[in-house]
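Take a look at the structure below.
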Amino acid sequence: MDTELSSVLAAADQLVEAFGRHDTDAYFAAFAPDASFIFHNLDHVLMSRADYRAEWRLWEERDGFRVKDCRSSERAVRLAGDVAIFSHRVETTVEFNGEPVTSVERETIVFERSEDGSWLAIHEHLSKLP
């Protein structure tokens, strides 16, 4: 496999694994400060990592939100210079006030190559499966 593709997949794996263990520091570190986020369960776009982190904290405090597990499948990467588009099917189990909820969705994460050669997420779009 191409080295660049492997590097993007490794960055995606780290992001998904951090999310799946509710490791907020590692998870949010995978995103650029000016990353944007579109989630089917929100009526507005989150225009920064700080906006998303604030929403996450609200979910934790108001809803007892906690990620329990996350599995990625049907993964694909498309490179376009210093940008990589990663898409996958994601099965996530979360808890809301102690009650488990599992969802299966499609997700696209756009990565940009940093000056040091690493890949940082700059956009995430989560969609319901039909």
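The table below gives the values:
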read-out: Test result for Asp69, closer than 20 Å to Ala18 by Cα and surrounded by fewer than 18 Cβ atoms within 10 Å (Cβ to Cβ); value: yes
read-out: Helices (runs of 4 or more DSSP H) enclosed by region 1-111 - at least 3 residues per element that are β-branched (Val, Ile, Thr); value: 3-20
read-out: Exclusive hit being under 16 Å from Glu124 (Cβ atoms), without any contact (Cβ under 8 Å) to a residue 60 or more places away in the chain, exposed (fewer than 15 other Cβ atoms within 10 Å of the Cβ) and among the small types (Gly, Ala, Ser), set Ala26, Ala18; value: Ala26
read-out: Tabulated pairs, region 113-130, first free of Cβ contacts under 8 Å to residues at least 12 places away in the same chain, second small (Gly, Ala, Ser) and surrounded by fewer than 17 Cβ atoms within 10 Å (Cβ to Cβ), C-beta under 8 angstrom, 6+ apart or interchain; value: none
read-out: Residue within region 87-103 that is closer than 22 Å to Glu4 by Cα and in contact with a Gly (Cβ under 9 Å, 6 or more places away or on another chain) present; value: no
read-out: Residue list for region 29-55, restricted to those being more than 24 Å from Asp116 (Cα to Cα), surrounded by fewer than 18 Cβ atoms within 10 Å (Cβ to Cβ) and of a type in the set (A, V, I, L, M, F, W, C); value: Ile38, Phe39, Leu42, Val45, Met47, Ala54
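None of the figures in this text is laboratory data; all of them are computed from the coordinates on show. Bear in mind the structure is a predicted one, so any value in this text is a computation, not a measurement. Virtual Cβ from ideal backbone geometry, glycine too; neighbours counted across all protein chains shown.
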